[in-house]
1. What is the local net charge at Thr37, summed over the other residues whose Cβ is closer than 14 Å to its Cβ (Lys, Arg +1; Asp, Glu -1)?
2. Taking the beta-carbon count within 10 Å as an exposure proxy, list Val159, Val255 from fewest neighbours to most.
3. Can you bin segment 225-270 into rounded, prolate or oblate? Criterion: square roots of the alpha carbon gyration tensor eigenvalues sorted a ≥ b ≥ c, rounded for a/c under 1.5, prolate for a/b above b/c, oblate for the rest.
4. Determine the sum of side-chain charges near Asp103: Lys and Arg each +1, Asp and Glu each -1, restricted to other residues whose C-beta is under 12 angstrom from that of Asp103.
5. Report the trypsin sites (Lys or Arg not before Pro) located in segment 1-102 that are in a DSSP loop and have at most 13 other Cβ atoms inside 10 Å of their Cβ, or state none.
6. Got a sec to turn the phi values of segment 69-86 into Karplus ³J(HN,Hα) couplings, 6.51 cos²θ - 1.76 cosθ + 1.60 with θ = phi - 60°, whole Hz, x for Gly and Pro?
7. Can you list residues whose amide H is under 5 Å from Val9's amide H, if they're 5+ apart or on another chain and H is modeled 1.01 Å from N?
8. Please state the charge dipole magnitude for segment 224-270, taken about the Cα centre, from unit charges on C-beta atoms (+1 on K and R, -1 on D and E), reported in debye and rounded to the nearest 20.
Amino acid sequence: MADLFRERVALVTGAASGIGAALARALAARGARVWATDRDAAGAEATAATLPGARAAALDVTDADAFAALAERVVAESGRVDLLFNNAGVGLAGAVADLTLADWRRVIDVNVWGVIHGIHAVYPHLIRQGGGALVNVASGAALAPRPGMTAYAATKAAVVALSTSLRAEAALHGVQVNAICPGFIATNIMTSTTFRNVDGEGLMGRVPLKPITADDCARIALRGVEADRPIIPVSRMVSVDWGLFRLSPRLSTWVSGWRAKQFAAHRTGD
Ligand SMILES: NC(=O)c1ccc[n+]([C@@H]2O[C@H](COP(=O)([O-])OP(=O)(O)OC[C@H]3O[C@@H](n4cnc5c(N)ncnc54)[C@H](O)[C@@H]3O)[C@@H](O)[C@H]2O)c1
């Protein structure tokens with residue numbers, strides 16, 4: 001593809017806030033025709049309103065039928081769909097022993113089924129058109145141990161595995177697949193994360209890292225998509241964590257014991 005973004009029709013999920021809104025802005029700045037979608041319809045409208053040629057739509061990614069209908073609508077109204085950014089996601093923190101099955105189901109519904117619904121709805125259009133990109137927002141949590149965030153990490157590891165396996169299949173149709181793995185990004189995710197028996201505020205106060213901005217995250221992500229990197233670590237911290245885990249899973253797990261202790265120290269409830 002000569003220019004992956006210019007004049008391409010890009011559907012972004014979870015675009016009302018944070019990384020999704022920043023991806024929408026970065027894509028529009030690169031000349032893409034953006035569909036900003038979110039379960040927060042007003043938020044999606046607000047994102048689209050600031051971008052030339054952008055459209056907005058309400059979309060809850062856990063609703064497979066709604067995703068399929070929206071993909072049809074995008075193709076009907078914009079003539080095609082070229083890029084899908086499966087970005088919508090929710091956080092979940094807490095010791096596995098404290099999680100309810102409802103906690104597990106919610107995070108799997110949004111973070112895994114949401115991505116599957118997106119691929120199921122959009123991939124056939126890309127195959128028919130003979131090209132495009134499926135870009136899935138995973139997390140650094142997929143690439144190295146994240147005690148206290150086991151359920152979330154499991155959903156993001158599923159997204160990475162889905163992306164890397166699909167990548168080889170999709171290449172036969174001219175479709176690229178990329179997994180973006182952000183580290184610690186300044187967004188609303190901390191307020192929307194479910195902290196199960198954890199003092200989230202106290203815990204976050206102990207994180208010895210400065211978050212990067214959502215706009216920087218989007219810029220790095222699009223650079224990685226343009227280079228068609230299979231897995232795109234967004235921060236140096238993610239690259240280091242991932243590198244250590246590949247070098248020595250045992251050492252990486254030992255190092256992450258510090259994180260496990262931090263979580264245990266901030267446990268609340270019985
Ligand atoms: N912020 C970080 O540090 C960080 C790190 C790694 C990965 N991520 C991932 O980046 C993605 C974006 O997160 P963010 O940090 O911008 O968070 P955010 O909370 O700022 O934005 C998430 C957006 O997704 C939307 N959303 C949630 N559930 C939805 C659903 N069922 N259907 C449609 N939209 C839904 C929310 O309304 C919100 O607008 C997520 O997949 C998240 O897991 C974030």
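Taken together, the values in this text are just the output of simple stated rules run on the coordinates, not laboratory data. Model, not experiment: these values are computed from the prediction. Here the Cβ positions follow ideal geometry from the backbone for every residue, glycine too, while neighbour counts run over all protein chains shown.
1. Net of charged neighbours comes to -3.
2. Final ranking by Cβ density, sparse to dense: Val255, Val159.
3. It comes out oblate by the Cα gyration axes.
4. +1
5. Answer by residue number: Arg6.
6. Along segment 69-86, the couplings run 5, 5, 4, 4, 5, 4, 5, 5, 8, 10, x, 5, 9, 10, 10, 10, 9, 7 Hz.
7. When sequence neighbours closer than 5 places are left aside, the close amide H contacts are Arg33, Asp82, Leu83.
8. Dipole magnitude for segment 224-270 comes out near 240 debye.
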